Amino acid sequence: MRRITIKLTLLFIGIALVSIIVVAVLANYTLHSQFGYYFQHGRERWIIVTPSNLSQMMQMMGPPRQGPLEQRFLSSVNQSIWIAALFVVIGAAVASLLFARRLTSPIKHLTEAARKISAGDLKQRLEIETKDEIGELAAAFNSMVQSLDRNRTINRQL
């Protein structure tokens, strides 16, 4: 049963990682493009063109130049995105492990009961906790064990 738990856990973690990477890349792209747009268009509104600042205006019309403050801001945003991503991955790992164990626990109980029945212990019954497919499987298992026990009793009486 551990293989299913591990596979489900890894699947959920993989989905969380892919989602985080997509969101981080999109956020990073959007941040850089919006920051660049601000540098190109936001500053231009405040410049009054005079012969003395014409060269400054020409520089601003080229690719946006980011100073150390802007670089620090962008790197801190990127760092925050990746720290948040790390916490999400850890949370996804814990949640997926709990979910996978909850999903595979009834199957583990069914396997244990089946092994005991194959050893001759027909007193085994499963507790039906849900009404989903696993609950239906447990009910069918209990019905099968009851039928086997009844047939064994009839055979002994004969």
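The values are calculated or read from the model by the stated rules, or taken from the named source; none is laboratory data. Fair warning: this is a prediction, and the values are worked out from it, not measured in the lab. Positions of Cβ are backbone-derived with ideal geometry, glycine not excepted, and every protein chain shown enters the neighbour counts. Please note that ligands, DNA and RNA were not included when accessible areas were found on the heavy atoms of the full protein model with its side chains. Shrake-Rupley method; radii C 1.70, N 1.55, O 1.52, S 1.80 Å.
Data for the structure
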{"read-out": "Selected residue (only one of P64, P68 is farther than 24 Å from R3 by Cβ, at pLDDT below 80 and in contact with a Gly (Cβ under 8 Å, 6 or more places away or on another chain))", "value": "P64"}
{"read-out": "Test result for A100, touching a helix residue (DSSP H, G or I) at 6+ places or on another chain (Cβ under 6 Å) and either farther than 26 Å from I15 by Cβ or surrounded by 12 or more Cβ atoms within 10 Å (Cβ to Cβ) (or both)", "value": "yes"}
{"read-out": "When residues of region 111-122 are limited to those that are in contact (Cβ under 8 Å) with a residue 24 or more places away in the chain and open to solvent by 30 Å² or more (accessible area, probe 1.4 Å), the one farthest from T5 (Cα to Cα)", "value": "A114"}
{"read-out": "Odd one out for K131 among (1) open to solvent by less than 90 Å² (accessible area, probe 1.4 Å); (2) modelled with pLDDT under 85", "value": "(1)"}
{"read-out": "Where a residue in region 133-158 is among the aliphatic types (A, V, I, L, M) and its partner, wherever it lies, is open to solvent by 80 Å² or more (accessible area, probe 1.4 Å) and outside any helix (DSSP H, G or I), with Cβ under 7 Å and at least six apart", "value": "A138/I128; A139/I128; V145/R125"}
